[in-house]
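Q: Below is the structure I would like to discuss, written out as structure tokens.
The values are calculated or read from the model by the stated rules, or taken from the named source; none is laboratory data. Computed from a predicted model, the values in this text were never measured in an experiment. Glycine also receives a Cβ, built like all others from the backbone with ideal geometry; neighbour counts cover every protein chain displayed.
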Amino acid sequence: MTNPILLALTTSSGTAQMVACLRSGEVVFSFSIVDYAAQSEQLLPQLQSELFRHGVGADQVVGFAVDIGPGGFTSLRTACGIAQGLALAWSIPCFPISSFECLFEEALAQQVSLTGAGLILLDARLNQLYAQTGASDANTWKASSTFLLNADEQSVLVAIHQANWCLVSPAVGALVQQWAKPPTLIQHAQICAVHLAKLAWVRYDAGQHQLPIECQPLYVREKVADTTAERLAKKHNEQD
């Protein structure tokens, strides 16, 4: 196939970033949608417009990489839904990749040396952090545990001191930096759709293909709000 292309989409940070990437790492096109509320409405039409404008046919697309989170409930569903739909329609594989893996890949692109036990932290809002522990071996992140962490000094320092290094997203960086002291290595990185695509190309070449149905959002927090019935029940209990 001449110039096979892989699509990559990340929405976990709140901003939708879509790229079309050649095997060589060359970006054919890219675009972002900052308006969180408009992502589900605009993503697919804009992607179709870019494919047409750059003369990219469905037969050139060999896979769809998607950042499955953790992140915003609606944005992750939108990203996974688009990836699943197009992968089924075009009979191509999906490459679901977690936000933690995306952040780790971005750090490697900065030629940062991260070896041994590590901790990756992402902003979960509500005064909490998404945390994943694991270890890096030969530039590969091997996760061991994923959980929610309270964004307070004691909780964060306990988690950091159990690792050799800590990788943080921009929204978390300033918060963690004020607490952590040397010799703890705090590395900042930001999820990038281009490096998401490059990571997916590695998996494509290795034959690590996944079916569209396997492209599911990674939810660490079960929910962010009570249902109407739960709120009424709590109000009733308080009155009792």
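Listed here are the residues, each with its yes/no results for (1) closer than 21 Å to residue 169 by Cβ; (2) among the basic types (Lys, Arg); (3) modelled with pLDDT of 95 or more.
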{"position": "32", "(1), (2), (3)": "yes, no, yes"}
{"position": "72", "(1), (2), (3)": "yes, no, no"}
{"position": "80", "(1), (2), (3)": "yes, no, yes"}
{"position": "91", "(1), (2), (3)": "no, no, yes"}
{"position": "99", "(1), (2), (3)": "yes, no, yes"}
{"position": "107", "(1), (2), (3)": "yes, no, no"}
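Q: Could I ask something else about it? If you take the residues in region 96-125 that are under 15 Å from the mean Cα position of the chain (by Cα) and either part of a strand (DSSP E or B) or on the phi > 0 side of the Ramachandran plot (or both), which one is surrounded by the most Cβ atoms within 10 Å (Cβ to Cβ)?
A: The residue in question is 120.
Q: Further question: Can you name the condition, by its number, that residue 179 falls short on among (1) outside the structural domain of residue 14 (by TED's automatic domain parsing); (2) touching a strand residue (DSSP E or B) at 6+ places or on another chain (Cβ under 6 Å); (3) not charged (D, E, K, R)?
A: (2)
Q: Related question: I'm checking my understanding of the structure. Among residues of region 67-95 that are under 28 Å from residue 147 (Cα atoms) and of a type in the set (Phe, Trp, Tyr), which one is surrounded by the most Cβ atoms within 10 Å (Cβ to Cβ)?
A: 95
Q: List, please: which pairs have Cβ atoms under 8 Å, are six or more places apart or on different chains, and start with a residue in region 126-152 that is crowded, with 16+ Cβ neighbours inside 10 Å and end with one that is part of a loop (DSSP other than H, G, I, E, B) and polar (S, T, N, Q)?
A: Pairs that qualify, where the first residue is crowded, with 16+ Cβ neighbours inside 10 Å and the partner is part of a loop (DSSP other than H, G, I, E, B) and polar (S, T, N, Q), are 132/98; 133/162; 136/115; 151/127.
Q: Residue 3 fails exactly one of the following numbered conditions: (1) touching a helix residue (DSSP H, G or I) at 6+ places or on another chain (Cβ under 8 Å); (2) loosely packed, with under 12 Cβ neighbours inside 10 Å; (3) in a helix (DSSP H, G or I). What is the number of that condition?
A: Among (1) touching a helix residue (DSSP H, G or I) at 6+ places or on another chain (Cβ under 8 Å); (2) loosely packed, with under 12 Cβ neighbours inside 10 Å; (3) in a helix (DSSP H, G or I), the lone unmet condition for residue 3 is (3).
Q: Right, residue 55: surrounded by 23 or more Cβ atoms within 10 Å (Cβ to Cβ), small (Gly, Ala, Ser) and over 13 Å from residue 18 (Cα atoms) or not?
A: no
Q: Next question. For region 142-175, name all the residues that are touching a Ser or Thr at 6+ places or on another chain (Cβ under 9 Å) and part of a loop (DSSP other than H, G, I, E, B).
A: Within region 142-175, 161, 162, 163, 164, 169 qualify.
Q: Would it be correct to say that residue 191 is crowded, with 19+ Cβ neighbours inside 10 Å and more than 30 Å from residue 27 (Cα to Cα)?
A: Taking the combined requirement at face value, the residue does not satisfy it.
Q: Just checking, does region 18-28 include any residue being under 30 Å from residue 145 (Cβ atoms) and within 17 Å of the chain's Cα centre (by Cα)?
A: no
Q: Collect the residues in region 18-52 that are polar (S, T, N, Q), under 29 Å from residue 120 (Cβ atoms) and surrounded by fewer than 18 Cβ atoms within 10 Å (Cβ to Cβ), keeping them in residue-number order.
A: Selection gives 24, 30, 32.
Q: Now for a different question. For region 125-143, give me each residue that is more than 15 Å from residue 160 (Cα to Cα) and of a type in the set (Gly, Ala, Ser).
A: Answer for region 125-143, where residues must be more than 15 Å from residue 160 (Cα to Cα) and of a type in the set (Gly, Ala, Ser): 136, 138, 143.
Q: Considering (1) under 27 Å from residue 114 (Cα atoms); (2) modelled with pLDDT of 90 or more, say which one residue 212 fails and leave the rest.
A: That leaves (1) as the condition not met.
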